[in-house]
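**Student:** This structure is in structure tokens; I'll ask about it shortly.
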Amino acid sequence: MNFSYGYRAPDTIAEAVRLLQEGGSGARPLAGGTDLLVQLRHGIRQADLLVDLKRIPELSAVRYDPADGLTLGAAVPCADVADHPDIRAHYPALVDGAGIIGGSAIRQRATVGGNLCNASPSGDAIPPLIVLGAEAEIAGPNGSCRVPVSSFCVGPGLHLLDQGEMLVALHLPIPSPRSGSCYLRFTPRGEMDIAVVGAAAWLQLDESLSYIEDARIALSAVAPVPLVAETAATWLIGRPADSESFAQAGRLAQETARPIGDVRGTLPQRLHLVGVMTRRALQGALRRAKGETIDG
Amino acid sequence: MITKTAEHTVIGTRPPRADAFEKVVGKAVFGPDVNLPRMAYGRILRSPHAHARIVRIDPTRAEALDGVYAVATAADLPEAADRTERVGEGNVNYKYMRDNTFAGDKVLYHGHPIAAVAARTLQIAEQALELIDVEYELLDPVLDVRQAMAADAPLLHEGMHTRSLAGTADTPSNVASQFQFLQGDPEQGFAQADVVVERAFETAMVHQGYIEPHAATAAWDADGTLTVYTTTQGAFDIRSQVHELLGYPLSKIIVVPTEVGGAFGGKNVGYVEVPAAVLARKSGRPVRVVMTREEVFLASGPSSGTWMRVKMGATREGRITAAEVELCYEAGAYPGSPVGAGANCILAGYDIPNARLDGYDVVVNKPRVGAYRAPGATQSTFAGEAVIDELAEKLGLDPVEFRLRNIATNGMPRLNGGFHEHIAAREVMEAVRDHPHYNAPLERGTGILRRGRGVGLAYWGNWGARSSVTLEVNADGTVSMLMGSVDITGTRTSIAMQAAETLGLSLAHINPAMGNTQTSGYSDASGGSRTTMATGVAAVKAAEEVIAKMHERAAAIWVCEPEQVAYTNIGPDAGTFTCSRNDETMTFAEVAAKLGGTGGALRGQGDVNVRRWGGAFGANIADVEVDIETGSVRLLRFTAVQNVGKAIRPGQVEGQLRGGATQGIGWGLYEGYAYDGQGHMLNANFLDYKLPTALDVPAIETEILEIPWPEHPFGVRGVGETPIVGPPAAIANAVYDAIGVRQGFLPMTPARILESMGII
Ligand SMILES: Cc1cc2nc3c(=O)[nH]c(=O)nc-3n(C[C@H](O)[C@H](O)[C@H](O)COP(=O)(O)OP(=O)(O)OC[C@H]3O[C@@H](n4cnc5c(N)ncnc54)[C@H](O)[C@@H]3O)c2cc1C
């Protein structure tokens, strides 16, 4: 087990990319460190150079543009995300997710970018990003590109970034009218816990506010990666926005889920909870789409 | 004895704790903070297997690593005596303790220590562990207490035969011992019953969850004195253990207790002191060994997982006629579960004319259990109180009323062969009956959220034992206090308060300190809810000796007989000597100022072995809300009632009631060791071993009853343990009240609740 690593804190994306590329597989980006430092200490991940991204201005910026949507720097702490007035107004599922990571001390350091790049199936910020249609902006030796967050994670702890690449920001489109989003997770404890099952839902209603025009559902902790519940979401389109529809969507989401049983939850428990949490997240999204304010 | 029943000026007040400021500003030295010049870092190699024979241990490669100072194994320890002694409220057998310090020919649980390394850095020590070659021959593990009791179960100790009153069994077994309590005629009692309830219960192994890990630093001086700094409840107990395991004289071992970051019974037995001492001897350097959180879970002394069965019968009039109890407690790898205490506490609050109880102490491939706050009582009370609750329900009686109809009284013969003296079970239950919480309306709910209310009656026997306090009077009239008891609960303050009250001085006059095994008189561990009680007796005795000696000094100053001097410790003139010969007065400080001329140093010494003590009843009321879709249980309101005898420092007593309840809530709803089929612990961390957080525990209401234990100068009974006993029972009964399904498992996790409802 290696307890000593080099530490660099570059000011620019270009410099960070260079350090990561030169450092090879031993170089790792560092955001809040609430995953990485714990993993290094337990020997789960190895590193000999930590490249701290928090001094790069682009990565610490939050910009909301009513025409263009939200640009969220990869190293913005969850506490700032959950408190940001524009994010609270337009992307409530992200507030739900970022606002329950750890406890308030953890949220001062933990970042949404780090949550995504840690690529845990139970990462609480990831399903919200997916249902809000977020894209990840990636910088690397060959320039930059954007990929949908829904395809960012490829396995437990694995993502599609190559050596020398890093996440710069998350781009969230402007919310469509009559839409609402919600993320709920089930944990035995009230905080400082890890999702047994989490569900994010996004709904767009028709003008009568009675029918569903569009829907997206994503689940955490029920598959090797955060999971898009495509069948359930598609089924909802054109249906009445009511508890019957949501119950059926919950059942369809259960069919999509591929949970395991482990010390955090049994398999039957997880399957059951997929139905419950999906239904409840849809209810929350509906209320917000109708303009109600609810706390996640 | 100078007893003041009224007019207390110090006792019953709420001064700040003597240790508070140091702790709040982060200056207090806890076990892992000890740092000595030239110190080396120790780490322990642990078994990855739950049950295996050790074929070979070869430390050669580790010893050759640059920066490694020493490697230690069982070969460095002499044979230890096959003798069992009480430590705190648990026990140790030194032969087993040796095997649990460094494995002999077998490893018996995941995390069992095998060897230790001291190195220049922690990192080198870590690397060295990987270079110790151990060859194992794997054996089938036994993890379940009933499976371990089966005739064909794999044996942990080939030479262990069940001991009982009937003698020692012929065939070897994992059942270390069994016992039976019998009272009246249970068969006839059940024949008289109109209603009979019988249920089985299971509880998971749980940990005390103290935040500070075990940590010891050992140093040998050139003369051969071994000093061990350690976080413990009992410095003298640790000294005995080091003495027995090293075969080294007691006088050459000094154990210095540090501040303690939580113990709850788990820091009576040492785990890292002997490895640190051996490594320090071999390396010629001080060595510090600090456990990681994972090591604390894997290989310290949690509390037993259990399987229990309780059957009870009662008449239509609501009188209990009979009980039959079976208690099977996991001891972990070596004998010594708290099944005896579990047996003493189950149903202790009731008058049950006919009963039989069978208790079994069973070894399994898990860490050897230790004491945990009222050891053994929380498990058995969960079972007993659930059946009591169900009987009340079947009889259509209010659960509190049913308990009151059968409540235990003084002198009533008890199932364990003894009888209660000066108890207040009735007063405690009446306090529940009359409590605003019990009488508040509860909206039960018909939708997804269902609410319920439950109660539980709890008992713990408490303890007395040996304590030592020294009071030295200083020339300015202040008093320096040294106690042999380790302060784990604000003891310095609560003992100094008893000394101050007796002396008739203000608390500010007394500066209390914890001693070590070289500086203070022998004191048993701070455990068993004994310390405020027994060390308080020692403090009063020391104070009385101070006053008696001060009489002589005052007489010398006044040139009169000591009998002509009077001292008052009460009222406006408290702290004044008067002389009947000349009607003069002198203050305590004025006499103190002349100590030099009247004979020199003046100390009062209180060395006691308190052999009689009073048990404590308590009760809990819990309101829960169950989400019947997720199985999650939320506590809406929680009350703890307890007879404490006398609350020396009420804030501290309330803290004990709340802290114990919080741990009981954790045990009831969240906490439990989880193992895979091979006996690997799956949740040796605070993420997956779930202690309740601040969001999970409501503000706990407390009600203190003060029905004194008459043999303590101030009436103290002991407080710390009863509070953990009742909460799981009260919560389980409340969950039943909410959802109509009895709960047979601890912890009552959401998955278990859904399973019990047939939802998953
Ligand atoms: C006590 C505690 C409680 C927690 N509770 C929760 C919880 O409730 N829910 C939850 O989801 N998580 C929880 N976590 C995990 C963790 O806090 C979150 O995943 C957090 O969002 C990680 O962010 P970070 O900035 O700390 O990431 P870091 O630890 O800095 O990084 C995480 C990983 O991402 C990589 N990385 C970081 N930034 C970038 C980038 N810009 N480009 C490429 N790679 C990058 C790092 O190299 C590392 O591999 C908890 C952790 C702790 C210690």
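The values are calculated or read from the model by the stated rules, or taken from the named source; none is laboratory data. Note that the structure is predicted; figures quoted are calculated from it, not measured. Note that each Cβ is placed from the backbone with ideal geometry, even for glycine, and that neighbours are counted across all protein chains shown. Surface accessibility is based on the protein's heavy atoms, side chains included, excluding ligands, DNA and RNA. Shrake-Rupley method; radii C 1.70, N 1.55, O 1.52, S 1.80 Å.
**Student:** Scan the range A:241-260 residue by residue and report those that are open to solvent by less than 50 Å² (accessible area, probe 1.4 Å) and either more than 14 Å from every other protein chain (Cβ to nearest Cβ) or within 23 Å of the chain's Cα centre (by Cα) (or both).
**Tutor:** Of everything in the range A:241-260, those that are open to solvent by less than 50 Å² (accessible area, probe 1.4 Å) and either more than 14 Å from every other protein chain (Cβ to nearest Cβ) or within 23 Å of the chain's Cα centre (by Cα) (or both) turn out to be A:Ala241, A:Ser245, A:Phe246, A:Ala249, A:Gly250, A:Leu252, A:Ala253, A:Thr256, A:Ala257, A:Pro259.
**Student:** Here's something else I'd like to know. Assess whether A:Asp96 counts as being farther than 23 Å from B:Ala694 by Cβ, in contact with a Phe, Trp or Tyr (Cβ under 6 Å, 6 or more places away or on another chain), of a type outside the set (A, V, I, L, M) and not in a loop (DSSP other than H, G, I, E, B).
**Tutor:** It is false that A:Asp96 is farther than 23 Å from B:Ala694 by Cβ, in contact with a Phe, Trp or Tyr (Cβ under 6 Å, 6 or more places away or on another chain), of a type outside the set (A, V, I, L, M) and not in a loop (DSSP other than H, G, I, E, B).
**Student:** Sticking with this one: Looking at B:Gly336, B:Gly318, B:Gly359, can you tell me which residue is touching a residue at least 24 places away in the same chain (Cβ under 8 Å) and open to solvent by 10 Å² or more (accessible area, probe 1.4 Å)?
**Tutor:** Just a single option satisfies the conditions, and that option is B:Gly336.
**Student:** Kindly list, by first and then second residue, each pair from a residue in the range A:21-42 that is away from chain B (no Cβ under 14 Å) to a residue that is more than 11 Å from the ligand (Cβ to nearest atom) and open to solvent by less than 20 Å² (accessible area, probe 1.4 Å), limited to pairs with Cβ atoms under 8 Å and residues at least 6 apart or on different chains.
**Tutor:** If the second residue must be more than 11 Å from the ligand (Cβ to nearest atom) and open to solvent by less than 20 Å² (accessible area, probe 1.4 Å), the pairs left are A:Ala27/A:Leu19.
**Student:** In addition: Taking B:Arg61 as the residue in question, decide whether it is open to solvent by 10 Å² or more (accessible area, probe 1.4 Å) and assigned to a strand (DSSP E or B).
**Tutor:** For B:Arg61, the condition - open to solvent by 10 Å² or more (accessible area, probe 1.4 Å) and assigned to a strand (DSSP E or B) - is not met.
**Student:** Quick check on B:Pro692: is it away from the ligand (no atom under 16 Å from the Cβ), touching a helix residue (DSSP H, G or I) at 6+ places or on another chain (Cβ under 9 Å) and not assigned by TED's automatic domain parsing to the domain that holds B:Thr292?
**Tutor:** No.
**Student:** With A:Ala14, A:Ala105, A:Ala79 as the choices, which residue is assigned to a helix (DSSP H, G or I), within 12 Å of the ligand (Cβ to nearest atom) and over 18 Å from the mean Cα position of the chain (by Cα)?
**Tutor:** Of A:Ala14, A:Ala105, A:Ala79, the one residue that is assigned to a helix (DSSP H, G or I), within 12 Å of the ligand (Cβ to nearest atom) and over 18 Å from the mean Cα position of the chain (by Cα) is A:Ala105.
**Student:** Follow-up question, since we're still on this one. Name the residue, out of A:Ala82, A:Ala89, that is open to solvent by 20 Å² or more (accessible area, probe 1.4 Å) and among the hydrophobic types (A, V, I, L, M, F, W, C).
**Tutor:** Going through A:Ala82, A:Ala89 in turn, the sole match is A:Ala89.
**Student:** Here is a follow-up. Looking only at residues that are near the ligand (Cβ under 6 Å from one of its atoms) and farther than 18 Å from B:Thr292 by Cα in the range A:31-46, which one is surrounded by the most Cβ atoms within 10 Å (Cβ to Cβ)?
**Tutor:** A:Ala31
**Student:** Hey, A:His90 hits all of (1) near the ligand (Cβ under 8 Å from one of its atoms); (2) out of contact with any Leu (no Cβ under 6 Å at 6 or more places or on another chain) but one; which does it fall short on?
**Tutor:** (1)
**Student:** For the structure I just gave you, tell me whether A:Asp124 is in a loop (DSSP other than H, G, I, E, B) and of a type in the set (D, E, K, R).
**Tutor:** Answer is yes for this residue.
**Student:** Additional query: Kindly state which helices (runs of 4 or more DSSP H) lie completely within the range B:385-503 and contain at least 2 residues that are open to solvent by 20 Å² or more (accessible area, probe 1.4 Å) and modelled with pLDDT of 95 or more.
**Tutor:** B:399-405, B:425-434, B:436-439
**Student:** Sort out which residues of the range A:49-63 are open to solvent by 50 Å² or more (accessible area, probe 1.4 Å) and more than 13 Å from the ligand (Cβ to nearest atom), and write them in order of number.
**Tutor:** The answer is A:Pro57, A:Arg63.
**Student:** Let me ask something else about it. Looking at the structure I just gave you, is A:Ile138 within 14 Å of another protein chain (Cβ to nearest Cβ) and either within 13 Å of the ligand (Cβ to nearest atom) or surrounded by 24 or more Cβ atoms within 10 Å (Cβ to Cβ) (or both)?
**Tutor:** No.
**Student:** Looking only at strands (runs of 3 or more DSSP E) that lie completely in the range B:601-704, which have at least 3 residues being more than 14 Å from chain A (Cβ to nearest Cβ) and within 30 Å of B:Gly740 (Cβ to Cβ)?
**Tutor:** B:616-627, B:632-643
**Student:** Could I ask something else about it? Return the pair list, or none, for Cβ contacts closer than 6 Å from residues in the range B:103-122 that are more than 14 Å from chain A (Cβ to nearest Cβ) to residues that are open to solvent by 10 Å² or more (accessible area, probe 1.4 Å) and of a type in the set (Ser, Thr, Tyr), at least 6 apart or on different chains.
**Tutor:** B:Ala115/B:Thr73; B:Ala118/B:Tyr69; B:Ala118/B:Ser283
**Student:** Any residue at all in the range A:108-126 that's near the ligand (Cβ under 8 Å from one of its atoms), open to solvent by 10 Å² or more (accessible area, probe 1.4 Å), modelled with pLDDT of 95 or more and basic (Lys, Arg)?
**Tutor:** Yes; the residues of the range A:108-126 include at least one that is near the ligand (Cβ under 8 Å from one of its atoms), open to solvent by 10 Å² or more (accessible area, probe 1.4 Å), modelled with pLDDT of 95 or more and basic (Lys, Arg).
**Student:** Looking for something in a helix (DSSP H, G or I), farther than 30 Å from B:Gly744 by Cα and not assigned by TED's automatic domain parsing to the domain that holds B:Ile488 - is there at least one such residue anywhere in the range B:255-263?
**Tutor:** The answer is no; no qualifying residue exists.
**Student:** Specify the residue that is farthest from the other protein chains (Cβ to nearest Cβ); the eligible residues are those in the range A:172-187 that are open to solvent by 30 Å² or more (accessible area, probe 1.4 Å) and part of a loop (DSSP other than H, G, I, E, B).
**Tutor:** Ranking the candidates gives A:Ile174 first.
**Student:** Ok, one more. Tally the residues that are assigned to a strand (DSSP E or B) and more than 10 Å from the ligand (Cβ to nearest atom), restricting the search to the range A:141-168.
**Tutor:** Result for the range A:141-168: 10.
Residues checked against (1) more than 21 Å from the chain's Cα centre (by Cα); (2) open to solvent by 30 Å² or more (accessible area, probe 1.4 Å); (3) basic (Lys, Arg):
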| residue | (1), (2), (3) |
| --- | --- |
| B:Glu654 | no, yes, no |
| B:Leu657 | no, no, no |
| B:Ala661 | no, no, no |
| B:Ile665 | no, no, no |
| B:Tyr670 | no, no, no |
| B:Ala674 | yes, no, no |
| B:Asn685 | yes, yes, no |
| B:Asp688 | yes, no, no |
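**Student:** Now, a different point. Can you tell me which residues in the range B:26-45 are farther than 24 Å from B:Ala115 by Cα and charged (D, E, K, R)?
**Tutor:** B:Lys27
**Student:** Looking at A:Gly33, A:Gly43, A:Gly24, can you tell me which residue is at positive phi, out of contact with any strand residue (DSSP E or B) (no Cβ under 7 Å at 6 or more places or on another chain) and modelled with pLDDT of 95 or more?
**Tutor:** Checking each option against the conditions leaves just A:Gly33.
**Student:** Here are the criteria: (1) open to solvent by 40 Å² or more (accessible area, probe 1.4 Å); (2) outside the structural domain of A:Gly265 (by TED's automatic domain parsing); (3) not charged (D, E, K, R). Tell me which single one A:Gly157 does not satisfy.
**Tutor:** Every condition holds for A:Gly157 apart from (1).
**Student:** Does A:Glu207 qualify as being of a type in the set (Asp, Glu), without any contact (Cβ under 8 Å) to a residue 60 or more places away in the chain and away from chain B (no Cβ under 14 Å)?
**Tutor:** Considered against the rule, which asks whether it is of a type in the set (Asp, Glu), without any contact (Cβ under 8 Å) to a residue 60 or more places away in the chain and away from chain B (no Cβ under 14 Å), A:Glu207 comes out as yes.
**Student:** Another question, then. If B:Asn100 meets every condition in (1) surrounded by 24 or more Cβ atoms within 10 Å (Cβ to Cβ); (2) out of contact with any Lys or Arg (no Cβ under 7 Å at 6 or more places or on another chain); (3) in a helix (DSSP H, G or I) apart from one, which number is that one?
**Tutor:** B:Asn100 satisfies all of (1) surrounded by 24 or more Cβ atoms within 10 Å (Cβ to Cβ); (2) out of contact with any Lys or Arg (no Cβ under 7 Å at 6 or more places or on another chain); (3) in a helix (DSSP H, G or I) except (2).
**Student:** Now for a different question. Among the residues of the range A:1-20, write down those that are among the polar types (S, T, N, Q) and more than 14 Å from chain B (Cβ to nearest Cβ).
**Tutor:** Result: A:Thr12, single match.
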